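The values are calculated or read from the model by the stated rules, or taken from the named source; none is laboratory data. Bear in mind the structure is a predicted one, so any value in this text is a computation, not a measurement. Ideal geometry is used to build each Cβ from the backbone, glycine not excepted, and the neighbour counts take in all protein chains shown.
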Amino acid sequence: PYCAGTPGSAVCSASQDPTCSSGGGGSGYPCQGLGAFPDLTSCLSYHYCYYNETQGDILSDKYTCPSGYAFSPTDPQGKCLKNGGCITPTCTGTNTYWKPLNYANFTLNRMAAYCVNGKPSYVYQCPAGMSINTTITSYPKCEVKCVTENQKAPNLSNPEMYYECLSGIPYERK
């Protein structure tokens, strides 16, 4: 699957949009959103995906962690943690499926790798405050999972609204 269209109006497609780049900037990583994503082959590296207004495309830069560190989406100061627990997307078999990536100290499971013929194709990431549901075979669904009191999460179907967690229950707010 490929992301076709422009940011904010992108859709999934079986073929790559000919007007798009090969899925990234300098690193060529298949960005499926904005932010930091794990490398598909090494836990010592990660890719930062960002929107480049000049090119009108999502680009990516590759970063490598120093010795003794590994990529972790849980680090609020950066993306490399000392003894961070090496996680690289691994896939088996010939089926096509989503595999959750479970990072240590990650309260919400926000990432999943898309596996095709035994290899990770790309990683999908839910926004902060949301957890990924990979039981859906076509595309993972991001759901609000209340972990802390007053936790906030975006409403993906209505950008003017958000969710706030009170007593473990997500309430819609404006």
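Data table
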{"read-out": "Of all residues making up the stretch 39-69, the number that are within 15 Å of L101 (Cβ to Cβ) and either of a type in the set (S, T, N, Q) or in contact with a His (Cβ under 8 Å, 6 or more places away or on another chain) (or both)", "value": "4"}
{"read-out": "Residue in the stretch 27-67 that is surrounded by the most Cβ atoms within 10 Å (Cβ to Cβ), counting only those that are over 15 Å from the mean Cα position of the chain (by Cα) and on the phi > 0 side of the Ramachandran plot", "value": "G28"}
{"read-out": "Hits in the stretch 78-103 (condition: surrounded by 12 or more Cβ atoms within 10 Å (Cβ to Cβ), among the polar types (S, T, N, Q) and modelled with pLDDT of 80 or more)", "value": "T90, T96"}
{"read-out": "Near pairs, Cβ below 8 angstrom, 6+ apart or cross-chain, from the stretch 125-136 (under 15 Å from F37 (Cα atoms)) to any residue that is aliphatic (A, V, I, L, M) and at pLDDT below 80", "value": "C126/L108"}
